[in-house]
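Each reported figure results from applying straightforward, stated rules to the coordinates on display, with no laboratory input. Being a predicted model, the structure only gives us computed values, none of them experimental. Cβ placement follows ideal geometry from the backbone for every residue including glycine, while neighbour counts extend to all protein chains displayed.
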Amino acid sequence: MARTFSFRGKSLEELQKLSIADYSKLVTSRERRALKRMSLGYKELIAKAAEAKKSGRTVKTQIREAVILPEWVGMTFGVHNGKEFKEIVISPEMLGHRLGEFAYTTKRVQHSAPGIRATRGSKFLAVK
């Protein structure tokens, strides 16, 4: 049996019909506050996303703190991680989270190790 998606007891279709004010009542208080205050850049992002949804292109943004809205499901966002824009496809499970949570700003560090028969002191010498 296929499992259907629901967010706080509402289906995706019901969520997409809600206004931002009604949707904010379903998210946590932190996200509700962000949606209530809605900075100027956030308003521009919502307008840009609505425009891009019609044309089907990627929305590039540096607004990592934007709360993911139901009407963005299925869209592709290019979220800036400090160096480049990471492509993110919005899925229903991402609702209520921030865009920046899915574009990591740091990557895993892999340190090298000293070679065979190396002394403890040679660990700190520069490799040619």
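Points worth noting:
- Some residue of the range 22-38 being within 29 Å of K107 (Cα to Cα) and of a type in the set (D, E, K, R): yes
- Sole residue being without any contact (Cβ under 8 Å) to a residue 24 or more places away in the chain, acidic (D, E) and more than 27 Å from T105 (Cα to Cα), chosen from E44, E84, E51: E51
- Residues that are under 21 Å from A50 (Cβ atoms) and surrounded by 10 or more Cβ atoms within 10 Å (Cβ to Cβ) within the range 11-24 comprise L12, E14, L15, Q16, K17, L18, I20, A21, D22, Y23, S24, listed in sequence order.
- The sole residue among T28, T76 that is out of contact with any Cys (no Cβ under 7 Å at 6 or more places or on another chain), over 14 Å from L99 (Cβ atoms), surrounded by fewer than 17 Cβ atoms within 10 Å (Cβ to Cβ) and of a type outside the set (K, R) is T28.
- Residues of the range 20-36 that are more than 11 Å from V67 (Cβ to Cβ), assigned to a helix (DSSP H, G or I) and charged (D, E, K, R): D22 alone.
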